[in-house]
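Every number here is computed from the coordinates shown, using simple stated rules; none is lab data. The shown structure was predicted, so the numbers you read here are calculated from the model rather than taken from an experiment.
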Amino acid sequence: MRIIAGRYRGLRLASVGKGDPAAHLRPTADRVRESLFNILTHGSHGDPVTGARVLDLFAGTGALGLEALSRGAVQVSFVENGARGAALIRENVAKCRAEAGTALIRCDATRLEACAGAPFDLVFLDPPYGKGLGERALVSALAGGWIAPGALIVWEEAAAVSPPAGLAKLDARRYGETVITILRRN
């Protein structure tokens, strides 16, 4: 696993190998991450990454958030409840020397408290597949003021998803067993 582009391009990140099912860690493949960022930065969405405040829910290894930071995001907050995932995020942030532009929030993404700062412009959501956690996390993030009006949400899941109220589906693409759905907050 590596950073695909930007200022950390080529940097190898700490890996969990093929994943850690017990910790629900399933890293997004480099190929899928590259395709996703190509859609975001070269699609009809403008450039939602440069200058963005990014929220990475169910962050796992932190690869999605760090890719965004490498490509010009100004701040990334990782939400991860698992000890193994939190340790990987800390290790990967240290490899990037990105401590100043990142924050690790150890909590359940489906039970977020009110956001203490400004809401986020770009949200990555990569919950354990097939458990209904993605929708619960989005509802919690919306209720807590974490997601800015007009923000883009990138939801990774095993099947097509139905967005909660207040979110519009812009695009959905399948990559093997993964479906990437892009939403916008109304």
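Numbers below:
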| quantity | calculated |
| --- | --- |
| Mean Cα-pair separation over length for the chain, i.e. relative contact order, pairs under 8 Å, 6 or more apart, % | 17 percent |
| Rounded, prolate or oblate (a/c below 1.5 giving rounded, otherwise prolate when a/b exceeds b/c) for the stretch 21-185 by Cα gyration tensor | rounded |
| Computed [θ] at 222 nm, deg cm²/dmol, the chain (DSSP H ≥ 4; -39,500 (n - 2.57); rounded to nearest 500) | -7500 deg cm²/dmol |
| For the stretch 108-156: rounded, prolate or oblate by the Cα gyration tensor [a/c cutoff 1.5] | oblate |
